[in-house]
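The values are calculated or read from the model by the stated rules, or taken from the named source; none is laboratory data. Model, not experiment: these values are computed from the prediction. A quick note on method: Cβ atoms are made from the backbone with ideal geometry, for glycine too, and the neighbour counts reach across all protein chains shown. For accessibility, only protein heavy atoms count, side chains too; no ligands or nucleic acids. Shrake-Rupley method; radii C 1.70, N 1.55, O 1.52, S 1.80 Å.
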Amino acid sequence: MITKTLFVRALTALDASTWSNTRGLYGISQHLDIELDGEVGHDGMLFDFGNVKPWAKGLIDQDADHTLIVPTLAEGVSVTDCPEGLSLRFTQPYAMEVRGPRQAFCLLPVAEITDEVMTQHFEKLLMRRLPPRVDAIRVKLRNEVIDGATYTYSHGLRHHTGNCQRIAHGHRSPLIIERNGERDTTLEAEWAEKLHDSYLAEEADLFDRPGRDMVFSYEAPQGKFRIRLPRQRVWLLPTPTTIEWIADWLARQIALESGDTIRVEAYEGINKGAIALHTPESARQPLVMPTLDTSREEVAGNEAS
């Protein structure tokens, strides 16, 4: 028997949100690498590369991508059934409740979500459906190396027909801002700090403002969703929080505040995003929403709560 190892770097990108008893709700975007050990067949191969991605990526995406990843053994975390599917309540470092269909959550029986916890989880998941000749699997998660400002955010897109409709999924993203044609790293750092570990929400989804909290609720193709969290964690936008409109919102806000021409390159996770440019004059123009396109949501931007 001849044993070999295959590897695939950046097999997929994991975009999700998770809960931490120190940070609260925050978004993640990570590369996922995989190594496969096994026996080489008569065809000279261990496993056809063309089959690796559909097999591994399919299982991982269905399990955790665009979900809220929850450490169910963390102090102050509770999970109960509810009419929407599951209700998840958190108390530390602040109170939050999220409701939605079961597939919107990845529940892990641990006290803290770490890269080691997630890699072990994915390895066990993939080992359940091993391809022929494969004997062992190793998974590695790694953050994108970003030269400059970085922030994380969570959100949900009511009109999206895919998993982006889930009300508490998120991203880790770089932010590039140009002022009058020159990159401004000070503005980038300032806005990344403002947005870090935040929740971006659409005004139309605001259901209630009890006390110091905000409640957002909507019904999407996968079911009913609801989230309640402190208003100081929320940026309230007059449009859906797609990356197209997040970029537009940021460019508008910064152009109005600075009085300069602002170009924003905003990212939704790794290697994908949108560009928006505003002058102070264009930023003062009323926001005109496009006609609803049910095939894809295209919208974002305004003021912090």
Legend entry - Residues of region 1-42 classified as free of Cβ contacts under 8 Å to residues at least 60 places away in the same chain and either of a type in the set (Phe, Trp, Tyr) or out of contact with any helix residue (DSSP H, G or I) (no Cβ under 8 Å at 6 or more places or on another chain) (or both), total: 8
Inset, instruction - Would you be able to say whether some residue in region 247-256 is at pLDDT below 95, open to solvent by 30 Å² or more (accessible area, probe 1.4 Å) and more than 22 Å from His160 (Cα to Cα)? - result: no
Inset, instruction - Look through Asp135, Asp147 and report the one residue that is open to solvent by 10 Å² or more (accessible area, probe 1.4 Å), part of a strand (DSSP E or B) and either farther than 30 Å from Val264 by Cβ or modelled with pLDDT under 95 (or both). - result: Asp135
Legend entry - Condition broken by Gln103, with the remaining ones in (1) assigned to a helix (DSSP H, G or I); (2) open to solvent by 60 Å² or more (accessible area, probe 1.4 Å); (3) over 20 Å from Ser217 (Cα atoms) satisfied: (3)
Inset, instruction - Being polar (S, T, N, Q) and open to solvent by 30 Å² or more (accessible area, probe 1.4 Å) is the filter here, so list the residues in region 106-131 that pass it. - result: Thr114, Gln120
Inset, instruction - Collect the residues in region 34-47 that are assigned to a strand (DSSP E or B) and surrounded by 17 or more Cβ atoms within 10 Å (Cβ to Cβ), keeping them in residue-number order. - result: Ile34, Leu36, Gly38
Inset, instruction - Note down all Cβ pairs under 9 Å where the first residue falls in region 218-232 and is β-branched (Val, Ile, Thr), the second is assigned to a strand (DSSP E or B) and surrounded by fewer than 20 Cβ atoms within 10 Å (Cβ to Cβ), and they're at least six residues apart or on different chains. - result: Ile227/Glu97; Ile227/Val215; Ile227/Ser217
Legend entry - Residue under evaluation Met45, criteria (1) under 18 Å from Asp135 (Cα atoms); (2) among the hydrophobic types (A, V, I, L, M, F, W, C); (3) touching a residue at least 24 places away in the same chain (Cβ under 8 Å), criterion not met: (3)
